[in-house]
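First up is the structure itself, then whatever we jot down about it.
Throughout, read-outs are computed from the coordinates displayed, never taken from laboratory work. Model, not experiment: these values are computed from the prediction. Note that we place each Cβ from the backbone using ideal geometry, even for glycine, and neighbour counts take in every protein chain shown.
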Amino acid sequence: QVQLAESGGGLVQAGGSLTLSCAASRPIVSIAAMGWYRQAPGKERELVALFTRAGSTNYADSVKGRFTISRDNAKNTVYLQMNSLEPEDTAVYYCNAAGGKYTYWGQGTQVTVSS
């Protein structure tokens, strides 16, 4: 079992930046993969970025070069640095922790980008 608590969402103008945080209730080094997903109104939830315990990272094509996923093992926290935000990035962003037999979600944090 792992609880995930996101923070850092808000309203920002196009071209601006935000950093999301996801605090986990257990050491993230024990979790196979952690990442960020988002869901815009009327759309399916989609992967934004993730990293695996082995150290590999994966980004959605739409955010490559603008978003960066990182982690602080000492704080059991995963971050998503979002730069050059666009109105199309508006969505609820969810933190995810997954392994072979489990997947956990945070409650989500709203990101709204105004044009």
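At-a-glance table
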quantity: Local net charge near Asn96, Cβ-Cβ under 12 Å (Lys/Arg +1, Asp/Glu -1); calculated: 0
quantity: Projected label distance in nm at Ala74 and Ala40, using a 7 Å step from Cα toward the beta-carbon; calculated: 3.9
quantity: Relative contact order (%) - criterion: Cα under 8 Å, at least six apart; region: the chain; calculated: 37
quantity: For the stretch 35-48, 3J(HN,Hα) per residue [Karplus equation, 6.51 cos²θ - 1.76 cosθ + 1.60, θ = phi - 60°, Hz, x = Gly/Pro]; calculated: x, 10, 10, 9, 9, 8, x, x, 10, 7, 5, 10, 5, 9
quantity: Cα-projected label distance for Glu88 with Leu11, points at 7 Å along beta-carbon direction, nm; calculated: 2.4
quantity: For the stretch 92-99, 3J(HN,Hα) per residue [Karplus equation, 6.51 cos²θ - 1.76 cosθ + 1.60, θ = phi - 60°, Hz, x = Gly/Pro]; calculated: 8, 9, 10, 8, 9, 10, 9, x
